[in-house]
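Below: one structure, written as structure tokens.
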Protein chains: 2
Amino acid sequence: MRLKEIGEFGFIDRIRNGCLVRSASVIKGIGDDCCVFKTSPGLVTLFTTDMLVENIHFIRGAITPYKLGRKSVAVNISDIAAMGGTPREAVVSIAIPDTLEVEYVDAVYDGMKSIAKEYDVNLLGGDTTASPEHLVVNIALVGEALEEEVLYRSGARVGDVVFVTGTVGSSAAGLDMILTKRAFEEAGPLLDAHHDPRPHVKAGRIIAGLKVASALIDVSDGVAADLGHICKESGVGAIIAEASIPMENLFRRYCDQFELDPLHLALHVGEDYVLLGTVPGRSVDRLAGALKSAGCEFFAIGTIAAEAGLRLRGSDDSLRTIPPGGWDHFT
Amino acid sequence: MRLKEIGEFGFIDRIRNGCLVRSASVIKGIGDDCCVFKTSPGLVTLFTTDMLVENIHFIRGAITPYKLGRKSVAVNISDIAAMGGTPREAVVSIAIPDTLEVEYVDAVYDGMKSIAKEYDVNLLGGDTTASPEHLVVNIALVGEALEEEVLYRSGARVGDVVFVTGTVGSSAAGLDMILTKRAFEEAGPLLDAHHDPRPHVKAGRIIAGLKVASALIDVSDGVAADLGHICKESGVGAIIAEASIPMENLFRRYCDQFELDPLHLALHVGEDYVLLGTVPGRSVDRLAGALKSAGCEFFAIGTIAAEAGLRLRGSDDSLRTIPPGGWDHFT
């Protein structure tokens, strides 16, 4: 059997049995943005890892090595943000093809160091090795959080408001530009949305600290897929209001110019690395106020429903089913 | 400039600047088997990562997927053992070529789970992705230790006895057999020494708990290179006694049959994953006794000297310089 027949998430379900041999200190194993285990009383360690593979996650000619370094660390920091934690210590594994110049790899590390410094993360070690052909970068990152503040995918309740902490879609437009080589006058910000995401750690800390949100995830697979993860883990469904999905004007102009459906890109492509969460209606104002007064954003985009699956409410109040698709590495 | 011009360790020296942005809780960053940072009072977290790349670290047809899974976790466990710690929680990143059957990947995970269970390690999460061509497995592992017990590469003192906790060379013979396809009647144990190493966690815990050893490392790059790491970090040199290097009889027979120099394989090839350490002479008997009564091994193989570099004392009492070479991924 091939992996594309069962998909990335089918595969994860397949291998998760037998992974936990000592459960007393473990709060969360496979199935969230990070795993979570107890360290000292009241404190937990968050642990995550992400691998970027050449020609799967990036094209060497399309991203600068500096931004590749930044992104490799950023996507891990975003997983810590998605639990409401603080990123702390990272280790780097890198497999380097013989054809690559040292100066290229220096620039990858310069990028890693720059974003690590911005987020107060130490790069403490790792593994450097040769690669037969493709560049591979893997980061593993530990962070910390108060046990009572950690936010999982599994807490969403019927009636909760669904929110995001930033606009979505721009990263998908950047990716579209890379893949199609379309010429667009203001390409920079869209390419940067894809190549140089800024994880929402500050927003995550505020959301976690208030202790009013019920679930949190980062948008890496796409709003539809990531909200789908929350719904699956929480045993609920959701309705998204089409008109309330926040998008940059530049992103809308890109979609206009090339006759692309902005909704499709915003919902189904991903890699925006904003946070997506749920919060009971009574706490929406408090959470939105706290985020906005700290310079973060809050956009209510929908509601958690009892009925399974995702639905989209159009501007004419019609409801249609959103296919669950997001990014799956194997299908 | 190409990486092979500066080598793996030259490269590491090149990138280590600027990696530490928050040093208060960090005891060891780049440059040991694990990085070490404080968690709760008296307790430290050990953090390590290792990447196995197809056609660099393994050949898909030469190792079973089950043993590949075991080895990918084992080499990380060995890094925790080399600090005297206890391995605890692991995350797995895997990049899977489209051509690979799900059943193959299942077997890789079965191997990971089997060794994780043997060493009481949880597999708590990770990242699964596609790969354009080569299979890549990265493990990141955290462990724990008492701060006062952790053993670094940097503590060796002139006059200390150099020891190993097991025989060396067999893994090199296994690798030789894979690369040369030599036919050898009793191939199994030599191939297993290479494909299925058993990290010396128990020995590491005993060594750390006694608090008499001055430095510790695991033999992954080869005795010469790994003792070289201890010497470099400790600012000393060492003399190894040729006759005292422990080798399996089967390994000697393999070298005899194919006219290979056992000393060369034992000193310069690596991947034995035994521990190599130093201990003051007055504590040798105590350490050896504690290890042996727990079913572990102890072999004194040399002495730490003031003069830099590694030297080999022959059976005729002659001294010759050992070239510092071990495994370097780039040269």
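Rule-based calculations on the coordinates, nothing more; no lab input. What you see is a predicted model; the values in this text were computed from it and never measured. Please note: Cβ atoms are built from the backbone with ideal geometry, for glycine as well, and neighbour counts cover all protein chains shown.
Write down Rg/Rh for chain A, rounded to two decimals, with Rg from the C-alpha atoms and Rh from the Kirkwood relation over Cα pairs.
Taking Rg over the Kirkwood Rh, I get 0.95.
Apply 1/(1 + (r/R0)^6) to the Cβ-Cβ distance of A:K292 and B:E103, taking R0 = 35 Å, and write down the FRET efficiency to the nearest 0.05.
The calculated FRET efficiency here is 0.10.
For segment B:44-56, take each phi angle, set θ = phi - 60°, evaluate the Karplus expression 6.51 cos²θ - 1.76 cosθ + 1.60, and give the result in whole Hz per residue in order, putting x for glycine and proline.
10, 9, 9, 9, 9, 8, 8, 10, 10, 10, 4, 6, 10
Between exposed trypsin sites (Lys or Arg not before Pro) in chain A, where DSSP calls loop and at most 13 other Cβ atoms lie within 10 Å, what's the longest gap?
Looking at chain A, A:1-180 is the longest stretch - no exposed trypsin sites (Lys or Arg not before Pro) with at most 13 other Cβ atoms within 10 Å.
Quick check: from the Cα gyration tensor, does the protein assembly as shown come out rounded (a/c under 1.5), prolate or oblate?
prolate
Work out the length of the dipole vector of the protein assembly as shown about its Cα centre, built from +1 on the beta-carbon of each Lys and Arg and -1 on the beta-carbon of each Asp and Glu, and round it to the nearest 20 debye.
So the dipole magnitude of the protein assembly as shown works out to roughly 1420 debye.
Considering only C-alpha atoms, what is the centroid distance from segment A:158-210 to segment A:261-328, in Å?
13 Å
Relative to the Cα centre, what is the charge dipole magnitude of segment B:76-173, using +1 at the beta carbon of each Lys and Arg, -1 at the beta carbon of each Asp and Glu, and rounding to the nearest 20 debye?
In debye, rounded to 20, segment B:76-173 gives about 360.
For B:E101, A:E149, what ranking results if the residue with the fewest other Cβ atoms within 10 Å of its Cβ goes first?
Least to most surrounded, the residues fall as B:E101, A:E149.
Here are some pairs, B:K4/B:K202; A:K211/A:K292; A:K4/A:K38; A:K38/B:K67; which of them have Cα atoms lying more than 25 Å apart in this structure?
Exceeds cut-off: B:K4/B:K202; A:K4/A:K38; A:K38/B:K67.
Run through segment B:176-240 and list the GluC sites (Glu not before Pro) located in a DSSP loop whose Cβ has at most 11 other Cβ atoms within 10 Å.
Those satisfying the criteria are B:E185, B:E186.
Other chains near B:12-20: what is the mean number of their Cβ atoms within 10 Å of each residue's Cβ?
Across the residues of B:12-20, the mean count of other-chain Cβ atoms within 10 Å is 6.
Taking neighbour Cβ counts within 10 Å as the exposure measure, how do A:V21, A:V219, A:V201 sort from fewest upward?
Least crowded to most crowded, the residues run A:V21, A:V201, A:V219.
What does the convex hull of the alpha-carbon atoms of segment B:42-197 project to on average, in nm²?
11.3 nm²
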